[in-house]
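The values are calculated or read from the model by the stated rules, or taken from the named source; none is laboratory data. On a predicted model such as this, the values are computed, not experimentally measured, just so you know. Using ideal geometry, Cβ is built from the backbone for each residue, glycine included, and neighbour counts are taken over all protein chains shown. Protein only, heavy atoms only, side chains kept; ligands, DNA and RNA dropped before computing areas. Shrake-Rupley method; radii C 1.70, N 1.55, O 1.52, S 1.80 Å.
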Amino acid sequence: MEFSNESMGAERRPSGFPPKNWLVESILVTLFCCLPLGIVGIINAAGVEGKFAQGDVAGAQRAAQTAKTMVLISVVVGVLGGFLYLIVFGGLAFLGAAAE
């Protein structure tokens with residue numbers, strides 16, 4: 001029985017392109033919006049291409065989806081936090097000006 005070297009050492013490479021990794025967006029929301037969720041997004045985004053290169057297409061898609069979710073949640077938290085900040089401190093400034 002003979003074995004060819006091609007079948008023994010050949011790795012299955014997925015065809016096509018890896019899913020969008022959301023790395024740039026994850027870094028931006030980490031800096032400007034929400035640090036903890038952004039870090040989770042960066043970790044998942046960094047793993048997308050590695051998983052895809054290893055042939056784990058489903059794992060790459062899960063990591064990309066998790067990174068996307070973290071980016072979107074971070075943006076929403078950042079916008080709501082900024083809006084709440086303006087309401088609270090704007091209201092305090094208005095009350096302080098009205099008291100004078």
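Of all residues in segment 22-53, those satisfying the criterion of being at pLDDT below 95 and not in a helix (DSSP H, G or I) are CYS33, CYS34.
Considering the conditions (1) among the aromatic types (Phe, Trp, Tyr); (2) touching a helix residue (DSSP H, G or I) at 6+ places or on another chain (Cβ under 6 Å); (3) modelled with pLDDT under 95, PHE94 is excluded by exactly one of them, (2).
Against the numbered list (1) touching a helix residue (DSSP H, G or I) at 6+ places or on another chain (Cβ under 7 Å); (2) β-branched (Val, Ile, Thr); (3) free of Cβ contacts under 8 Å to residues at least 40 places away in the same chain, ILE87 comes up short only at (1).
Summed over segment 41-68, the residues that are acidic (Asp, Glu) and out of contact with any Pro (no Cβ under 8 Å at 6 or more places or on another chain) give a count of 1. The residues listed here are VAL88, VAL71; of these, the one that is surrounded by 14 or more Cβ atoms within 10 Å (Cβ to Cβ), among the β-branched types (Val, Ile, Thr) and assigned to a helix (DSSP H, G or I) is VAL71. Hey, any hits in segment 74-84 for a residue that's closer than 11 Å to LEU23 by Cβ and either of a type outside the set (Val, Ile, Thr) or open to solvent by 80 Å² or more (accessible area, probe 1.4 Å) (or both)? No, segment 74-84 contains no residue that is closer than 11 Å to LEU23 by Cβ and either of a type outside the set (Val, Ile, Thr) or open to solvent by 80 Å² or more (accessible area, probe 1.4 Å) (or both). Look through segment 43-56, keep the residues that are open to solvent by less than 50 Å² (accessible area, probe 1.4 Å) and among the aliphatic types (A, V, I, L, M), and return whichever of them is nearest to SER15 (Cα to Cα). Of everything passing the filter in segment 43-56, ALA53 is nearest to SER15 (Cα to Cα).
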